[in-house]
Structure formats: structure tokens, C-alpha cells
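Chemist: Questions regarding the structure given below will be posed in turn.
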Amino acid sequence: MWADCGLGWAMVILQGVALFHNVKGHPSMPTFAGPVTSQTIAKGRDATLKCVVDNLGDYRVAWVHVDKQTLLTIHTHVITRNKRISVSHYNYRTWLLHLKSVETEDSGYYMCQVNTQPMISQVGYLEIVVPPEFVNDVVNRNISRGWTTHHCRTEKSGSYDGEELVLHKVSRQSMGAYLCIASNGVPPAISRRMHIDITFPPMIWIPNQLVGASDGQTIALECNTEAHPAATNFWVRNDHVVGSSDDKFETYQVVNGYKVHMKIVIKNLEDSDFGIYRCVSKNALGETAGSVNLYKVRATSSYNKNIPPPSTPPEQGIIPYIPDQPEEEVPEKTGIQDNLSFQEEETEISVEQSTGTSSSSLSNLFPPKEQILAITLLLLVL
């Protein structure tokens, strides 16, 4: 029957009960053992407010939401129609008001009152804090080169604080996943991953634009492309597409994200195989091509086995054997015993230690350096 009663009628009833108890008379009046503790609760969690009353006796405890002027409970009965609210007690001394899955409208002042005359009460505050939440659905975006905008905090190789992230002049390097993290100090923090695709026309670069080979060889030509969306890649020779359908050629493609490595293998080269080969890449945004010039190289001459190899010099450190030569006899000459002489080309050269006249002096035959050499040779012979 309490569901239809307003706060005013409930207060009248409580006061009537209080007058009844005063008529009977009680040796002691109820008192609060402590204040109603204020609480801070995150949205969606459960909250419990506690009120401790000593010497309650036959009096009644009521809970009131002051901000809304709503009577919630009287003693063990729940008055409000809010099914998330309940009441319990321990030995009629500790009274607990339970709120399940609190909402933001549950915040405010709550009064625990006892129907004495005059009425006594305690007030506590319940604060409902709200963790961050995304108010709109952010989906993956596919844009062309230019600019795009993100809302919230974004992390990608660094961080940026703010609800909005603007990427100016985006390029293919801007492509990838972005993590949006929202936190306001109330757990839990939330995050959302977004992926940006940057669309761009094909780009080509060639490692070797000039490739030389000779007849009969097997050669490979290479080309690298980048494109998004994915491009169609092929090789062209003399305005005709060449591929693996011909036994002469084999084509390969290695895909790594938006990058493609192209290769064509040409077998058993002939004169007609030399020339310009073009690698072509094409997608919805454009087309581009690169060229490789395959030119002919003359084969080097083979080694002539009829030409004898050059003589091998003796190894370093080995002295070749030279047989001993017999010593020539020096003819004796009468006269001064200390005179030394030898004959060369019928010219007699004398070296005298004593004073005398020689038939031909060394100074007249040799320059100073050659004189020293001649003397050294004479000493070695003797």
C-alpha cells in the first residue's frame, strides 16, 4: 500500500508512529552511531549506503532520496517502484540501502531518518561517475590521397591527445591501424581500433634498367610496383603481353601488402629476344610502366690449350745451384813483391804500394766510383 503514498503522507505516518512511542515512553532515545558515508561509484556498478542506529527500539528507519524528494523504504519495506533498490539490516541496528547497476540519475543526497519526535536524520552523498564511452561508431575508412579526420585519442607510432586528429596530405605511409584510447580517470579505459586505407595509383621502380647477356643464356628481368587497390601487373614485349603460357618465358609475382615484386625469366636467349621489355601496372586510379633494355654481349674467347704456359720462376727463398769455377792462376812477377797486377784486354793495370811509376794509372782509366769497384774486384781475385 506504500507504493501509492507520497513523501508527505509517509512523513505523517512516521510522525504518528513517533507520537505513539512517546506516549508509551522509552527509557532511552535512538541515536546514530556515525554519519552516512558518502560514496563514489562508477556507472553500472552496485552501491550500498549504510546507516547505524543505536537504541532503535520500536522506532522505524526510513531512506529518502532528498534530491528527488522520494521515499524509498520504511523499515523493512520498499516503497519505491524502482526494482533496483532494496533494503536490509543486521540486528535492526545497521541498515543498508542497496542500489544495483546504478545510473547517473541515482546520484545525489540520501537521508537516513528515524521517526522520533522530533525526527532525527543523517545525510550522505552518492556520486555516480561515468567511464568513457564511444558515442558514435567509427568504422574503417578508405580514402584517396588528401586528408582525413579522427575523433578521440589516437596512437600510431606515437600519440596525440584530443578528440579530433586531422591527418593532412596523407600518403601511403599514413596507411595502417590507429588505436583510439579514451580515459577520464574512471576505470575502465576503452579503446577502439580503426584502419585507414590510402588509395593511390601504381608506382614502379626498376633495379637494373640495362641488362647484358649472350646467346644461349637464361636471364631474369625484375621490376617492383606499389599500388592500392591492388593492381594488375604484366610484362609487354613489342606491344604483346608475354607470360608463362610460352615455353620461352616464365613470370613470377611476390605480393607483400600493397607491394609486388615482378620477375620474368627468358630461356635460351636468341637474337630475337634482345630489346626492350616493359613491366606494366594498372589499377582503377591509373597506369604506369617501366622499361628494361636487354642487350647482347659477345661471348669471351675460349682458352687456347696449344699455347705453352710461361716458365715458372724459382720459388722465393730458393737459391739456384751454380757449379764451382776453377780459380785462375795469377802469374808471378819479378820485382817489387807488393805489386799486384792483372791483365784485361791486353792492358796492364798495376797497383803499387811503393813509390813507382805504373804503365797506366787507374785515375786515367776509370772515374772515381769505377776506381773503387776495380780495386774491390782486385782484392777478391787475390
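Coordinate-derived values only; no laboratory data. Note that the structure is predicted; figures quoted are calculated from it, not measured. Here the Cβ is made from the backbone with ideal geometry for all residues, glycine too, and neighbour counts use every protein chain on show.
Chemist: If I stretch the segment between H195 and S171 completely, what's the gain in nm (0.36 nm per residue apart, minus their alpha carbon distance), one decimal?
Modeler: Result: 7.2 nm gained on full extension.
Chemist: Something else about it: Please arrange E250, E163 by counting, for each residue, the other beta carbons lying within 10 Å of its beta carbon, fewest first.
Modeler: E163, E250
Chemist: Right, something else. For a quick check: sort R298, R45, R278 by the number of other beta carbons within 10 angstrom, fewest at the front.
Modeler: R298, R45, R278
Chemist: Calculate the spin-label point distance for N184 paired with A42, positioning each point 7 Å from the Cα along the beta-carbon direction, and give it in nanometres.
Modeler: 1.3 nm
Chemist: Which of the three applies to segment 247-292, rounded, prolate or oblate, going by the alpha-carbon gyration tensor with a ≥ b ≥ c and a/c under 1.5 meaning rounded?
Modeler: oblate
Chemist: What's the FRET efficiency of E163 with A299 using the Cβ-Cβ distance as r and R₀ = 56 Å, to the nearest 0.05?
Modeler: About 0.20, to the nearest 0.05.
Chemist: Now for a different question. Grab the Cα-Cα distance for T232 and N256, subtract it from 0.36 nm times how many residues apart they are, and report the gain in nm with one decimal.
Modeler: This chain segment gains 7.2 nm when fully extended.
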